[in-house]
Amino acid sequence: MDESRTTGPNRPGGQAPRLSVGFILARHFTLNAFANFVDVLRLAADEGDRSRPIRCEWSVLSDTMNPIPSSSGVVVEPQERLGDPGKFDYIAVVGGLISEVGNLSPDYLRYLQRAAAAKVPLVGVCTGAFILHRAGLMDGYRCCVSWFHHTDFLERFDGLQPVSDQIFIIDRDRLTCPGGASAAHLAAFLVERHLGKAQATKSLHIMMINGAEGGEAPQPSPSLDFNTSDPLVRKALLLAQQSLDAPLSVGQIARHLGITKRSLERHFESALATSPRAAFMEMRLSLARHMVETSGKSFAAIAVECGFSDSAHFSRRFRQRFAVTPSEFRRSVPALEE
């Protein structure tokens, strides 16, 4: 740690932080990933929830000091201009929309290259790994990307094999994670490395995350009864899962994936021996059965949440699939007989 680092007015006794992170936010970055990462630092930095940057400090860096829009439209104001990357222990690049990967300004790219030359470890969060690779800073390194973007990575970047079955990867001075909750776990890893396990655990507990996960922990993927390694099928299943209450047509999902409906049907037949339409209906009915069994909600409410036009349509489909009506099935569940 650089002992000459300036101490802030809220840092008692001139105490220098033991962990310092500079953030570069790509245009349309993922707000959730950034917030998870920085909140772990914030909560570890001080006692309780007082947010003073005592043990940790962080800063959003900028080439222009213009506000930076996230993919959700929420805007973040930078805190300082690009300067000496050596003042930070890590430089973290938070990506977001894939379409923005190639749009990071040359000033940012030069800054990242200077950081790498100065041996400052680089962190890629969400599609930040894509940005680091595009800047020529991931050659010879393993990197972690979301399984949802695995195919996108292979299509856009040569010379690197992404890993998409772990929540983060530490490969020497490159640290990468696919975003979401994995950003919190990667930040907790850094907090534990620099401040100790107690501070990392404290941050995660306050954020209601049950314990730190190691990088080798598997990425969550659709919790379905379908098991396939076909990335297009997995993406289609995830899209369907995310819109169960307002089901997308097979054609809509195919267009979202940039392929034809017939091509998607061939992938499903090859991977799962079924059609996309049948698989999506199975997902809706499986969720409906779970809700009938465990929730006590009305059948009309369950029908709406599972994307059926009305309770009669829901009941008809349910009986076709499970050979009983929803009411008969609910009566057979002891916990719900009362």
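Considering each of 297, 261, 235 in turn, give the residue that is touching a helix residue (DSSP H, G or I) at 6+ places or on another chain (Cβ under 9 Å), at pLDDT below 90 and more than 30 Å from residue 177 (Cα to Cα).
Numbers: 261 fails: at pLDDT below 90; 235 fails: more than 30 Å from residue 177 (Cα to Cα).
Just one listed residue meets the conditions, 297.
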Worksheet entry | Number of the condition not met by residue 99 [criteria: (1) surrounded by fewer than 13 Cβ atoms within 10 Å (Cβ to Cβ); (2) in a loop (DSSP other than H, G, I, E, B)] | (2)
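Would you mind finding the one in 35, 44, 92 that is without any contact (Cβ under 8 Å) to a residue 24 or more places away in the chain, surrounded by 18 or more Cβ atoms within 10 Å (Cβ to Cβ) and outside any loop (DSSP other than H, G, I, E, B)? Break it down stepwise before answering.
Details: 44 fails: without any contact (Cβ under 8 Å) to a residue 24 or more places away in the chain; 92 fails: without any contact (Cβ under 8 Å) to a residue 24 or more places away in the chain.
Residue meeting the stated conditions: 35.
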Worksheet, complete the sentence: Those residues of the stretch 280-338 which are without any contact (Cβ under 8 Å) to a residue 24 or more places away in the chain and among the acidic types (Asp, Glu) amount to 310, 328, 337, 338
Worksheet item: Which condition does residue 200 not pass, out of (1) crowded, with 22+ Cβ neighbours inside 10 Å; (2) at pLDDT below 90, if it passes all the others?
Response: (2)
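Restricting attention to the stretch 63-82, which residues are aliphatic (A, V, I, L, M), closer than 15 Å to residue 94 by Cα and in contact with a strand residue (DSSP E or B) (Cβ under 7 Å, 6 or more places away or on another chain)?
Our first condition is that a residue be aliphatic (A, V, I, L, M); within the stretch 63-82, this holds for 65, 68, 74-76, 82.
With closer than 15 Å to residue 94 by Cα added as a condition, the list becomes 68, 74-76.
Within the stretch 63-82, 68, 75, 76 meet the criteria.
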Discussion item. Looking only at residues that are at pLDDT 70 or above and of a type in the set (Ser, Thr, Tyr) in the stretch 140-169, which one is surrounded by the most Cβ atoms within 10 Å (Cβ to Cβ)?
Written reply: 146
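Here is a yes/no grid of residues against (1) in contact with a Gly (Cβ under 9 Å, 6 or more places away or on another chain); (2) more than 30 Å from residue 29 (Cβ to Cβ); (3) in the same structural domain as residue 31 (by TED's automatic domain parsing):
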residue: 181; (1), (2), (3): no, no, yes
residue: 184; (1), (2), (3): no, no, yes
residue: 191; (1), (2), (3): no, no, yes
residue: 255; (1), (2), (3): no, no, no
residue: 263; (1), (2), (3): no, yes, no
residue: 271; (1), (2), (3): no, yes, no
residue: 283; (1), (2), (3): no, yes, no
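Going by the structure shown, is residue 329 crowded, with 16+ Cβ neighbours inside 10 Å, touching a helix residue (DSSP H, G or I) at 6+ places or on another chain (Cβ under 7 Å), more than 23 Å from residue 243 (Cβ to Cβ) and in the same structural domain as residue 263 (by TED's automatic domain parsing)? Break it down into steps so the answer makes sense when it comes.
Numbers: crowded, with 16+ Cβ neighbours inside 10 Å: yes; touching a helix residue (DSSP H, G or I) at 6+ places or on another chain (Cβ under 7 Å): yes; more than 23 Å from residue 243 (Cβ to Cβ): yes; in the same structural domain as residue 263 (by TED's automatic domain parsing): yes.
In short, yes.
So if I check each of 248, 257, 285, 239, which one is within 18 Å of residue 316 (Cα to Cα) and crowded, with 16+ Cβ neighbours inside 10 Å?
On inspection, the qualifying residue turns out to be 285.
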Item to complete: At least 2 residues that are over 24 Å from the mean Cα position of the chain (by Cα) and farther than 30 Å from residue 51 by Cβ in each: list the helices (runs of 4 or more DSSP H) lying fully within the stretch 203-317 that qualify.
Response: 250-257, 261-272, 276-294, 299-305
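The values are calculated or read from the model by the stated rules, or taken from the named source; none is laboratory data. Quantities reported herein were computed from a predicted structural model and do not represent experimental measurements. Note that each Cβ is placed from the backbone with ideal geometry, even for glycine, and that neighbours are counted across all protein chains shown.
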